[in-house]
Amino acid sequence: MEFPGVLANDDVSLDIRRGEVFALVGENGAGKTTLMNILYGINEPTDGEVIIGGRKVEHFSPKTAISLGVGMVHQHFMLVPSFTVAQNIVMSKEPRKLGFLFDNKAAEQKTRELVENYGLMVDPSAVVQEISVGLQQRVEILKTLYRGADILILDEPTAVLTPQETDELFAVIRRVVKEHGMTVIIITHKLYEVMAISDRVGVMRKGRLIGVADTCDMDEKKLASMMVGRPVLYDRLEKTGQTGEERIRVERLHVADNRGLPAVDGLSLSVRAGEVLGIAAIEGNGQSELLEAITGMRPIESGEIFICGQSIRGKGPGEIRKLGLAHIPEDRLATGVCRDASVTDNLIVGRHRDREFNRFGFHQRTSTIERYARQVYENFDIRGAGLEVNAGSMSGGNMQKVVVAREFSFDTPVLIIAQPTRGVDVGAIEFIHSRIIEKRNAGCAILLCSADLDEVFRLSDRIITMYEGRITGQFKTSGISKEEIGYYMTGDRSGEEAVYEK
């Protein structure tokens, strides 16, 4: 498969068997999603052929793929937020009454039957924009099952899930394979998940299929080396230096969610120069609203926030940035990149008015901007069709690299980081983690929120747990295990905000 200037898939031959879980791994831009987009009919191969269930595909389109029993859940969901779960699931195959009226009751009944049959628990009448990301993914899977899929492609299925939701998803995958004989193909970067769920694994690198093996014959280190083409020193992070002055202070903060309900309830915390404070919480417990309040994206009901000693009350995101704050948001599509703008424009956002890049306040220094963007692009190993393509055409992992590269290049004393490696490959995770620790060692104060507990433990000096908008525990990383911390993530048993340091 070839795009202008890019050979996305280079002479790939692959067979996938009925009733197996097949994992497809590789670095960002390795060609995994392109290969699966061909199978689902989104892209048509420039050479070669595709055979599904013994039938050669002649006309490539999602409609053809669906008719052959192929369903795909994309990394970025394709749901109508204002519609209910049932309305999204039956869309394009709606039950009708009197021949033309949409039958909502029948839609909800069909959804309940799917839920009971496959064990994907979700309320058919719930509005999609009001349910968690994990439940939205279930809706996407139910959509494909409603259309009769017996081959299910999941593109980065756990990138937006908590560990608990990941366990639930894997239980569903095992159930549909065992009880319904389905074939499941998972595109992923998380190698421990490959080992946990798949029967066989294929590794891609730079558009080529490097090899296919039984998962039981592999381990994470072998897979990582095959993906990157070199040994991955994933567990070596050197933390140096001492903590300094307080850079972030939050006092008795109250913040409401989008429905006007309390999301952050009287929370206080502090982060000093030269430390990483990690937040461990199950999704929906106020951590997102906390970071949005600190970065000026959400109004403060009451309480105070100080960045480098200055109150942010009444300030917008731009003014808060000028105090010395950079921000990697949790949703790269909604608030991280502009998909319709070029990679260059995305890399320069926030600095486009600097004298270095702008003359007289309105005339851009094009050559200077291009040199700067090229340098950042190469320093952060962003891979794609070039600087002038729209950011939205890149893989999810490379979009994330654009956000990380831009924010790290501000060289600010404070970093607010949410889900830094969501949907990013093992080589890029190693790179991003090392950059975060470099910032910490250089004296940056970092507030980190991640759904990946391994990531929180690896990067943090201290960890706080949140439940229903309150801090339920505070720990030194070396003083608690992931199993123990789960206790505090599910609620404060004492009923009071507690500080536990060992």
The condition of being in contact with a helix residue (DSSP H, G or I) (Cβ under 7 Å, 6 or more places away or on another chain) and open to solvent by 60 Å² or more (accessible area, probe 1.4 Å) holds, among 67, 82, only for 82
Filtering segment 442-457 down to residues that are of a type in the set (Gly, Ala, Ser) and either modelled with pLDDT of 90 or more or open to solvent by 30 Å² or more (accessible area, probe 1.4 Å) (or both) yields 442, 443, 445, 450
Which ones in segment 186-226 are under 24 Å from residue 151 (Cβ atoms) and assigned to a helix (DSSP H, G or I)? 191, 193, 194, 195, 196, 197, 215, 216, 223
If I filter segment 284-327 down to residues being hydroxyl-bearing (Ser, Thr, Tyr) and outside any helix (DSSP H, G or I), which single residue comes out as farthest from residue 274 (Cα to Cα)? 302
Residue 406 is checked against (1) over 23 Å from the mean Cα position of the chain (by Cα); (2) open to solvent by 10 Å² or more (accessible area, probe 1.4 Å) and fails just one. What number does that condition carry? (1)
Total residues in segment 174-194, condition of a type outside the set (S, T, N, Q) and over 20 Å from the mean Cα position of the chain (by Cα): 10
Which residue is surrounded by the fewest Cβ atoms within 10 Å (Cβ to Cβ), if the candidates are limited to segment 15-57 and must be among the aliphatic types (A, V, I, L, M) and under 21 Å from residue 193 (Cα atoms)? 16
Note down all Cβ pairs under 6 Å where the first residue falls in segment 37-66 and is under 16 Å from residue 8 (Cβ atoms), the second is open to solvent by 70 Å² or more (accessible area, probe 1.4 Å) and not in a loop (DSSP other than H, G, I, E, B), and they're at least six residues apart or on different chains. 46/2
Residue 279 passes all but one of (1) open to solvent by less than 20 Å² (accessible area, probe 1.4 Å); (2) assigned to a loop (DSSP other than H, G, I, E, B); (3) not charged (D, E, K, R); which number fails? (2)
Could you look through segment 478-498, keep only residues that are in a helix (DSSP H, G or I) and over 18 Å from residue 287 (Cα atoms), and pick out the one that is modelled with the highest pLDDT? 478
Quick one: in segment 310-330, of everything that is open to solvent by 50 Å² or more (accessible area, probe 1.4 Å) and in contact (Cβ under 8 Å) with a residue 12 or more places away in the chain, which residue is nearest to residue 415 (Cα to Cα)? 321
I'd like to verify a number: residues in segment 164-174 that are open to solvent by 70 Å² or more (accessible area, probe 1.4 Å) and either of a type in the set (D, E, K, R) or farther than 18 Å from residue 195 by Cα (or both), how many? 3
Name the single residue that is surrounded by the fewest Cβ atoms within 10 Å (Cβ to Cβ) among those in segment 411-441 being of a type in the set (A, V, I, L, M, F, W, C) and in contact with a Leu (Cβ under 9 Å, 6 or more places away or on another chain). 437
Could you check, for segment 458-474, whether at least one of its residues is open to solvent by 40 Å² or more (accessible area, probe 1.4 Å), modelled with pLDDT of 90 or more, out of contact with any Lys or Arg (no Cβ under 7 Å at 6 or more places or on another chain) and in a helix (DSSP H, G or I)? yes
In segment 366-391, how many residues are in contact (Cβ under 8 Å) with a residue 12 or more places away in the chain and either polar (S, T, N, Q) or open to solvent by 70 Å² or more (accessible area, probe 1.4 Å) (or both)? 7
The listed residue being farther than 28 Å from residue 428 by Cα and open to solvent by less than 70 Å² (accessible area, probe 1.4 Å), out of 246, 301: 246
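Quick grid of which residues meet (1) more than 20 Å from residue 298 (Cβ to Cβ); (2) more than 24 Å from the chain's Cα centre (by Cα); (3) not charged (D, E, K, R):
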position	(1), (2), (3)
226	yes, no, yes
240	yes, yes, yes
245	yes, yes, no
248	no, yes, yes
267	no, yes, yes
Among the listed residues 13, 82, which satisfies the condition of being in contact with a Leu (Cβ under 9 Å, 6 or more places away or on another chain), in a loop (DSSP other than H, G, I, E, B) and modelled with pLDDT of 85 or more? 13
Could you check segment 340-372 and list, in sequence order, the residues that are within 24 Å of the chain's Cα centre (by Cα) and part of a helix (DSSP H, G or I)? 343, 344, 345, 346, 347, 348
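The values are calculated or read from the model by the stated rules, or taken from the named source; none is laboratory data. Remember, predicted model here, so these are calculated numbers, not experimental data. Here Cβ is always computed from backbone atoms with ideal geometry, including for glycine, and neighbour counts include all displayed protein chains. Ligands, DNA and RNA are excluded from the accessible area calculation, which covers all protein heavy atoms including side chains. Shrake-Rupley method; radii C 1.70, N 1.55, O 1.52, S 1.80 Å.
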